[in-house]
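So that we are looking at the same thing, I have put the structure below in structure tokens.
The values are calculated or read from the model by the stated rules, or taken from the named source; none is laboratory data. This is a predicted model, so every value here is computed, not measured. Neighbour counts run over all protein chains shown; Cβ positions are idealised from the backbone, glycine included. Heavy atoms of the whole protein, side chains included, go into the accessibility calculation; ligands, DNA and RNA do not. Shrake-Rupley method; radii C 1.70, N 1.55, O 1.52, S 1.80 Å.
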Amino acid sequence: MAQQPAVERGTGAAVGARIGVITFPGTLDDRDAARAVRLAGATPVTLWHGDPDLHGVDAVVLPGGFSYGDYLRAGAIARFAPAMNAVVDAARGGLPVLGICNGFQMLTESHLLPGSMIKNDHLHFLCRDQGLRVENTATAWTSQFAAGEEIVIPLKNQDGQYVADERTLDELEAEGRVVFRYVGGNPNGSRRDIAGITNERGNVVGLMPHPEHAVEPGFGPDASAGPRSGLDGLRFFTSAISSLLATA
Amino acid sequence: MPRIVVEVMPKPEILDPQGKAVNGALPRLGFTGISQVRQGKRFELTVDGPVTEDLLAEVRRAAETVLSNPVIEDVVRVAEEA
């Protein structure tokens, strides 16, 4: 077996930070999310949907995929998993939680975040590198970005159209809780180009695009440094580590 | 065994991409005179006992919390089916 590159070992100062990644039946991106956590310098902790114990993790990632086959509605059945009940309680207590794609859908289904996702307005599954503008750098998952910074990470989904009533959208805007907005064209009809939002406290963040797929040279989106060199996703995870250090 | 039917529809103000696609396909297949399609869900719940008011209330609760997402959907019917 090939020796693992040094960067894989997580040699950062915050190696003590333990970030849980929950696997549900039908989850696809749990391994990539765990890898992103490790590359960012923290220790990934594998969590199982049926286990109500979060094993003392410092933060949780709800990864993408098609939990329970997206039956009923995307994220609807995962919401009732024992691990999710624990996440909802812990999130209300301030635990940093990042929901990516299907994980974002779980966060709206469990009402940790407002609104919901419906099928893309064009009805197709869409997979592409997507530009986003970071509009809130005060959350647990975005502190390492500059306000207004534009980043590129992959987007891949069929039920990615963010919807909420006008009053909720106005509230999100007024409170600065729109964290990411699509740039370079709205890929799915999401209201007000919203790609990701946060809760009042800023510890829970959900977004449709996939930061965990843009964390290692050679495997990310195309960027100015060359093909597949994009690493914009890494700072989601280093942000969480730095927010954990700040509160430690 | 008695059966309770629950019907869920996308809220009127929510765009229904699936209904829109079906609506686009109908005239292409020669079905004319239909101006709008909205697509919802129908659940058939088989229950053990007789359908009482209490049981219907329980099913209504399940319909509001699990079978539908009140952010995007309305429960339009909960009724015993003969």
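Could you go through segment B:36-41 in sequence order and give the Karplus-derived ³J(HN,Hα) for each residue, using 6.51 cos²θ - 1.76 cosθ + 1.60 with θ = phi - 60°, rounded to whole Hz, and x for Gly and Pro?
Going residue by residue, I get 8, 10, 10, 10, x, 10 Hz, with x marking Gly and Pro.
Report the full-extension gain for the segment A:Asp89 to A:Thr137: residue separation times 0.36 nm, less the Cα-Cα distance, to one decimal in nm.
Numbers: separation 48, 0.36 × 48 = 17.28 nm, distance 2.43 nm.
Answer, rounded to one decimal: 14.8 nm.
Related question: Compute the signed sum of charges (Lys and Arg +1, Asp and Glu -1) over the other residues within less than 10 Å, Cβ to Cβ, of A:Gly64. Each step should come with its number before you reach the end.
Details: positive: A:Lys156; negative: A:Asp29, A:Asp30, A:Asp32, A:Glu212.
In short, -3.
Residues of segment A:58-101 losing 10 Å² or more of accessible surface, assembly versus chain alone, probe 1.4 Å, please list them.
Output list: A:Leu72, A:Arg73, A:Arg79, A:Phe80.
Of all accessible surface on segment B:3-81 at a 1.4 Å probe, what whole percent is carbon and sulfur? Write out the running numbers ahead of the final one.
Working: 2560 of 4760 Å².
The nonpolar share, carbon plus sulfur, comes to 54 percent.
Output ³J(HN,Hα) for segment A:124-136: one whole-Hz value per residue in order, computed from phi by the Karplus curve 6.51 cos²θ - 1.76 cosθ + 1.60 with θ = phi - 60°, and x for Gly and Pro.
Going residue by residue, I get 9, 5, 10, 10, 6, 6, 10, x, 9, 9, 7, 10, 9 Hz, with x marking Gly and Pro.
Okay, helix-only estimate at 222 nm for the protein assembly as shown: each DSSP H run of n ≥ 4 adds -39500 (n - 2.57), divide by all residues, round to 500 deg cm²/dmol; what do you get?
Roughly -7000 deg cm²/dmol at 222 nm, from the helical runs in the protein assembly as shown.
Calculate, in nm to one decimal, what B:Leu26 and B:Glu13 gain on full extension: separation in residues at 0.36 nm each, minus their alpha carbon distance. Display every interim value, and only then the final one.
Values: separation 13, 0.36 × 13 = 4.68 nm, distance 2.26 nm.
Residue separation times 0.36 nm, minus the Cα-Cα distance, leaves 2.4 nm.
Which whole number gives the average count of other chain Cβ atoms within 10 Å of the Cβ atoms across peptide B:15-25? Each step should come with its number before you reach the end.
Values: counts 7, 2, 10, 3, 0, 3, 3, 0, 0, 1, 0.
Shielding by partners across B:15-25 averages 3.
Obtain the nm distance between the two label points defined at B:Val76 and B:Val5 by a simple spin-label model: each point lies 7 Å from its Cα along the Cα-to-C-beta direction.
Placing both labels 7 Å along Cα→Cβ, they lie 1.2 nm apart.
Compute the Rg to Rh ratio over the protein assembly as shown from the alpha carbon atoms, using the Kirkwood formula for Rh, and round to two decimal places.
Details: Rg = 21.2 Å, Rh = 21.0 Å.
For the protein assembly as shown, the value is 1.01.
Taking 0.36 nm per intervening residue step and subtracting the Cα-Cα distance, what contour gain separates A:Ala225 from A:Arg201 on full extension?
5.1 nm is the gain from fully extending A:Ala225 to A:Arg201.
Something else: Quick one: net charge around A:Gly233, please, counting Lys, Arg +1 and Asp, Glu -1 for every other residue with C-beta under 12 Å from its C-beta. Don't skip to the end; give the middle numbers.
Values: positive: A:Arg35, A:Arg235; negative: A:Asp29, A:Asp32, A:Asp129, A:Glu212, A:Glu216, A:Asp232.
Overall, the nearby charge balance is -4.
What's the angle, to the nearest 10 degrees (0 to 90), between helix B:17-28's Cα axis and the longest principal axis of chain B?
So the inclination is approximately 50 degrees.
Related question: Between B:Arg42 and A:Leu126, how many nm apart are label points set 7 Å from Cα along the C-beta direction?
Distance between label points: 3.3 nm.
How far, in degrees from 0 to 90, does helix B:53-62 lean away from the longest principal axis of the Cα atoms of chain B, to the nearest 10?
50
Further, regarding this structure: Give me, ordered by chain and number, the residues 5 or more places off A:Asp129 or on other chains with an amide H under 5 Å from its own placed amide H.
Distant-sequence amide H within range of A:Asp129: A:Leu155.
Using a 1.4 angstrom probe on heavy atoms only, work out the carbon and sulfur share of the accessible area of segment A:6-247 in %. Numbers along the way, then the final one.
Numbers: 4800 of 9120 Å².
Carbon and sulfur: 53 percent of the exposed surface of segment A:6-247.
Related question: Using +1 on the beta carbon of Lys and Arg, -1 on that of Asp and Glu, and nothing else charged, what's the dipole of chain B about the Cα centre, debye to 20?
560
Output the Cα-based Rg and Dmax of segment B:3-81 in Å, rounding Rg to one decimal and Dmax to a whole number.
15.6, 47
Counting only residues 5 or more places away or on other chains, whose amide H sits under 5 Å from the amide H of A:Gly189 once H atoms are built in the peptide plane?
Here A:Asp121 satisfy the definition.
Show me the helices of chain A, taken as full DSSP H stretches, that run 18 Å or more along their long axis by Cα and average 0.0 or above in Kyte-Doolittle hydropathy. It would help to have the intermediate numbers written out before the result.
Numbers: long enough: A:234-247 (20 Å, 1.20).
Helices passing the filter in chain A: A:234-247.
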